[in-house]
Each structure stands twice: as structure tokens, then as C-alpha cells.
Amino acid sequence: MHLVSIAMYVTSQPLAEATAELWSFLRHYLLEAGLKDLPEKLDQAVRYDEAWLRPDLLLSQACGYPFAKSLRGRVRLVATPIYHHPGCDGPLMRSFIIVAKDSALHSLEDLRGTTAAINGPDSNSGSNFFRAAVAPLARDGHFFGRIIETGSHGGSIAAVVEGRADSAAIDCVTYANIRRFDPGHIQAVRIIAETPKGPGLPFITSGDAADDRVLLLRNALGAAIKEPSLSAMRATLGLVDFSVLSEGDYQPLLSLAGEALPQLRKG
């Protein structure tokens, strides 16, 4: 049985249901094309990042920075989604840097020496974009006074709201999803800056997938964009299209801020 895990943007029930509907359509399309051993439902047992290098992987969505750093050449790039949310620019995306609504911090410079929350050191939107944003202000490779790791964007937002951190960088797609479906989680924060942008979270398949398998997956995703009956699903996900990028398009994520990149370490 093939493994299908699409778990990056399913933090609320409407998103989870829309993602399940997307897979239902893709599954039917792939079955009609002759592909066999397709699961009826998306996998929820395998941790999202553990799915990426599974040999039985058919389709998953990866984070951009891990893709550029360690997955390129080990998985095959299928397509990158295009969302219509604020902060998205075609297949490119950025993060919003947030502080508490009543905070005295109003600019990136104000964050010098403060505590920043990141969801994890390999997160493109929560850490890599954050580093790139503050790199021009770094002194001897340092900027923040302390870094805490929260494990998720939701955890980083909570850290800012609760005063355990002064700021965090939140993926613009995640921020839009929270604003629409869980607005109470961001009522106590405000955006003070945007990070640089880079290619978004790619859909991938196993590294040994043949060209015709990759093309079939791309065609299935393209059909999901054109299918009239999926308009509500696409609106829920904020999904408007897919773009086929090259592995080289993700290379800049490794050096967004060049040698001035300040280290974000757990403190």
C-alpha cells in the first residue's frame, strides 16, 4: 500500500476535511489512470517528516528548508502549491513577524537582545526566514538574546501571547488559516514586519519514482485545480494552482541571508 501523508496545513477541522477531499479526488484520478494500492484515507499515524523518506511514499508535502537542505536528490519534486493568502506571491511565500498586541516592540531593530520563539531550527518559515529578516541587523553573527523552541507555529504564537517570548515568525499560510478558522489565537498579537520570501512547501514523492509517476501526480494535482466541484475545497485551503519548480529554485533557501546569518540556538 502506498503512503500518502498531507499534514502540513490541517490544524483545524475545515482544513483537515478539505485536505481529505483533495486526496479523495486525487485517489479517484490515480485509480482511473491505473495506479493501484492507494489508501482510502490520508495517513495520520506516521509523523509528517518521517513520511518524507519512506520508500513507499506516493505523495506528501515537505517544508522548503528541509527539502533544500537534506531532501533534494533523495525525493522527487512534484509541484509547489500556489495560495491566494496575503504574503503569498505565486509559489513563493513569506512569514509574518509577530509580537504581543500590547508590546512596546514596533520594529525589527526593537527585537535586538529579546527572546524569539521558533517552532524548530529546520523550519523554513519559523526559523530560516526569521534569520534572514534580522541578518542585516546582526552584530558578529548575533541578534537575539535568547531563542526558545516551541515545536509548532501555534506553540510560538502561544509563547508570545503568554510572555515567554517577545516575537515569532509565522508562515503566512498558517497565519491566514488561523485568522479564518481560529481567530481567537491571534487576537492578542500583531504583525510588525514581513520576512524575505522563498518557494513554498513542495509536494514530493519517493526518490525512485519514475518520470511517468511524477507526471501522473502533476496531472492529478492540475485536474484538482480545474474540477468545478472542488471550488469550495480550494477556497477553504486558499489553493489556486500548482507550479512546477526545479530543485535549484529551492537552493536560495540555504543562503537567504548569506554569511551574516545569525545563529538561532535554543537558549
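Here, each number is a calculation from the coordinates, and none is a lab measurement. The structure displayed is predicted, hence computed values, not measured ones. Cβ sites come from the backbone with ideal geometry, for glycine too, and all protein chains shown count toward neighbours.
Residues whose amide H comes within less than 5 Å of that of residue 82, counting only those at least five positions distant or on another chain, are 240, 241, 242, 243 (H built at 1.01 Å from N in the peptide plane). Each part reduced to its alpha carbon centroid, region 151-220 and region 50-64 end up 17 Å apart. When the Cα positions of 66, 29, 161 are compared along the charge dipole of the chain, 161 comes out farthest toward the positive end, with charges on each C-beta of Lys, Arg, Asp and Glu. Does anything in region 187-202 have its amide N under 17 Å from the 7 Å Cα→Cβ label point of residue 101, and if so which residues? Residues 187-192 fall inside that zone. What you get for region 126-225, charging only the Cβ of Lys and Arg (+1) and of Asp and Glu (-1), is a dipole of about 280 debye around the Cα centre.
Note on residue 247 and residue 225: the extension gain reaches 5.6 nm, defined as 0.36 nm multiplied by sequence separation minus the Cα-Cα distance. Here the Karplus curve 6.51 cos²θ - 1.76 cosθ + 1.60, taken at θ = phi - 60°, turns the phi angles of region 63-72 into couplings of 7, x, 5, x, 4, 5, 7, 9, 9, 4 Hz, with x standing for Gly and Pro.
Return the FRET efficiency for the residue pair residue 181, residue 139: r is the Cβ-Cβ distance, R0 is 35 Å, and the value is rounded to the nearest 0.05.
Details: r = 40 Å, r/R0 = 1.14.
For residue 181 and residue 139, the calculated efficiency is 0.30.
For the chain, a Gaussian network of Cα nodes joined below 10 Å ranks 123, 24, 70 by mean-square fluctuation, and the top entry is 70. A dipole drawn for the chain from +1 and -1 charges on Cβ atoms has a positive end, and of 254, 107, 81 the residue lying farthest that way is 107. Excluding same-chain neighbours fewer than eight residues apart, the aspartates and glutamates reachable from residue 101 by a Cα-Cα span under 14 Å are 162, 166.
Adding -39500 (n - 2.57) for every DSSP H run of four residues or longer, then dividing by how many residues the chain holds, sets the calculated 222 nm ellipticity at -8000 deg cm²/dmol. Backbone geometry of region 51-62 corresponds, through the Karplus equation with coefficients 6.51, -1.76 and 1.60 at θ = phi - 60°, to 3J(HN,Hα) couplings of 6, 4, 10, 5, x, 8, 5, 9, 7, 7, 10, 9 Hz, x marking Gly and Pro. The aspartates and glutamates whose alpha-carbon is closer than 16 Å to the alpha-carbon of residue 226, local same-chain residues fewer than 8 away aside, are 21, 241.
Please compute the length gained on full extension between residue 24 and residue 215, using 0.36 nm multiplied by the number of residues separating them and subtracting their Cα-Cα distance.
Numbers: separation 191, 0.36 × 191 = 68.76 nm, distance 1.87 nm.
Roughly 66.9 nm would be gained on extension.
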